[in-house]
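Visitor: The structure that follows is given in the form of structure tokens.
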Amino acid sequence: MRAQSIVVLGGTGFLGTRLVARLIKDGHRVTVLSRDREQHKHLLVLPGLTLENCDVYEEPQLSECFRGKDVVINLIGILNERGFSGAGFRRAHTDLTRGVLQAARSAGVERLLQMSALKAAVEAPSYYLRSKGDAEQLIREGSGSLDWTILQPSVMFGPGDSFLNRFARLLAVIPFALPLARPHSRFQPVLVDDVVEALRRCLRGGASSRQTYELGGPQVYTLGEIVGLVAKLTGHRRWIVGLPDFVARMQAFAMDFVPGRPFSSDNFRSLTIDSVCTEDGFSRLGIKPQSMVASARQYLGAHEDNARLSQNRASAGRA
């Protein structure tokens, strides 16, 4: 594979750090854009990586950073906004994508890889999915000669994720029972490394040119089943209490005002649509996705092992 010059937006996040490391290993020249370079200097241990300060919402700055690059990869996304109007989602997803398109065309970039979300659509019920859908529409209708590929993963998991690990932390601190909104909502969780592989295979374009790929793992789970699996793997057996929707909406509204928003009204609206693929994007790319159970056991199982060791130490001390 010929080495390419690639610029990554969102390269310091959960998916981005893994992707950047793999691209460097493949021999590509990678530039990661960040608002504060000093916060992410640890990435500079990767040979061949350039870390640049850039306000990604300023199109002239973006255009300058894109100049001379072969591929732009946009991974930027937020799960919650500061306000309640949807403006934060539109800025991070739709407005940013508009600026990326303008800057890429101005700089003469040939190719864009856009990370979207499964069930993103302009008519979606949540600001998150709607703003992602609006961004996709911008790309399909306004890319001009810029080549593109859009990837739509279901929820991603892996070591250090904010999905399974978040439930693991909740189960550790909430005794007896966990109240859960939309327990029957369905997901097709996908390993982050499989998404990295999909991005790698789309770098060149070819058959993936101007295509959209839905990415889901090999199994479909309800949210209740996922939380039950986390409870089993971490050794925190809890009663999972499914909430009626009217109670779940009240829970989400209350969480809107909790620092960090562990759950929000917009999250609730996203849960009203099953995050399950209608076509097999991984198969189209020649990738066999990995099982969540087998993968999660490798990093969530450590919680159970540590808990068991602590119990053994306590028992030995009492003896």
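The values are calculated or read from the model by the stated rules, or taken from the named source; none is laboratory data. Since we're looking at a predicted model, the values are computed, not measured. Cβ: placed from backbone, ideal geometry, glycine included. Neighbour counts: every protein chain shown.
Visitor: Taking segment 1-11 only, how many residues are touching a Lys or Arg at 6+ places or on another chain (Cβ under 8 Å) and surrounded by 17 or more Cβ atoms within 10 Å (Cβ to Cβ)?
Guide: Number satisfying all stated conditions: 3.
Visitor: If the requirement is being on the phi < 0 side of the Ramachandran plot, in contact (Cβ under 8 Å) with a residue 24 or more places away in the chain, hydroxyl-bearing (S, T, Y) and surrounded by fewer than 17 Cβ atoms within 10 Å (Cβ to Cβ), which of these qualifies: S116, S126, S145, S131?
Guide: S145
Visitor: Which one is surrounded by the most Cβ atoms within 10 Å (Cβ to Cβ), of the residues in segment 39-57 that are in contact (Cβ under 8 Å) with a residue 24 or more places away in the chain and part of a loop (DSSP other than H, G, I, E, B)?
Guide: Per the stated criteria, the residue is V56.
Visitor: I've got another one for you. For R111, indicate whether it is crowded, with 20+ Cβ neighbours inside 10 Å and over 14 Å from the mean Cα position of the chain (by Cα).
Guide: For R111, the condition - crowded, with 20+ Cβ neighbours inside 10 Å and over 14 Å from the mean Cα position of the chain (by Cα) - is met.
Visitor: Additional query: So in segment 174-190, with the set limited to residues that are under 18 Å from K119 (Cα atoms) and in contact with a helix residue (DSSP H, G or I) (Cβ under 6 Å, 6 or more places away or on another chain), which one is surrounded by the most Cβ atoms within 10 Å (Cβ to Cβ)? Before the answer, list the steps.
Guide: Pass one, segment 174-190, residues under 18 Å from K119 (Cα atoms): 182, 184-190.
Then keep just the ones that are in contact with a helix residue (DSSP H, G or I) (Cβ under 6 Å, 6 or more places away or on another chain); that gives 182, 185, 189.
On the way: R182: 20, S185: 20, P189: 28.
In this case the residue turns out to be P189.
Visitor: Further question: Which condition number does V7 fail, the rest of (1) over 20 Å from A135 (Cβ atoms); (2) touching a Ser or Thr at 6+ places or on another chain (Cβ under 7 Å); (3) of a type outside the set (F, W, Y) being met?
Guide: It is condition (1) that V7 fails.
Visitor: Now a separate question. Among the residues of segment 268-282, is there at least one that is of a type in the set (S, T, Y) and surrounded by fewer than 19 Cβ atoms within 10 Å (Cβ to Cβ)?
Guide: yes
Visitor: Out of all the residues in segment 207-246, which are farther than 30 Å from S143 by Cα and among the small types (G, A, S)?
Guide: Those that are farther than 30 Å from S143 by Cα and among the small types (G, A, S): G224, G228, A231, G235, G242.
Visitor: Now for a separate question. For segment 47-85, give me the residue count where each residue is under 24 Å from A198 (Cα atoms), of a type in the set (A, V, I, L, M, F, W, C) and in contact with a Leu (Cβ under 9 Å, 6 or more places away or on another chain).
Guide: Within segment 47-85, residues that are under 24 Å from A198 (Cα atoms), of a type in the set (A, V, I, L, M, F, W, C) and in contact with a Leu (Cβ under 9 Å, 6 or more places away or on another chain) number 7.
Visitor: While we're here: Which condition breaks for R186 when tested against (1) at pLDDT below 95; (2) farther than 16 Å from I150 by Cβ?
Guide: Looking at each condition in turn, R186 falls short on (1).
Visitor: Let me ask another. Looking only at segment 12-38, how many residues end up being surrounded by 19 or more Cβ atoms within 10 Å (Cβ to Cβ), not in a helix (DSSP H, G or I) and not hydrophobic (A, V, I, L, M, F, W, C)?
Guide: 4
Visitor: Within segment 205-224, which residues are part of a loop (DSSP other than H, G, I, E, B) and either modelled with pLDDT of 95 or more or crowded, with 17+ Cβ neighbours inside 10 Å (or both)?
Guide: If the condition is that a residue be part of a loop (DSSP other than H, G, I, E, B) and either modelled with pLDDT of 95 or more or crowded, with 17+ Cβ neighbours inside 10 Å (or both), then S209, R210, G216, G217, P218, Q219, V220 are the ones that fit.
Visitor: Shifting gears a bit: Against the definition (closer than 21 Å to Q114 by Cβ, among the β-branched types (V, I, T), crowded, with 18+ Cβ neighbours inside 10 Å and out of contact with any His (no Cβ under 9 Å at 6 or more places or on another chain)), how does V227 come out, yes or no?
Guide: Taking the combined requirement at face value, the residue does not satisfy it.
Visitor: Which ones in segment 168-190 are touching a Gly at 6+ places or on another chain (Cβ under 7 Å) and not in a loop (DSSP other than H, G, I, E, B)?
Guide: L180, V190
Visitor: Okay, moving on. One residue is enough: does segment 35-46 have a residue meeting the conditions at pLDDT 95 or above and over 19 Å from the mean Cα position of the chain (by Cα)?
Guide: no
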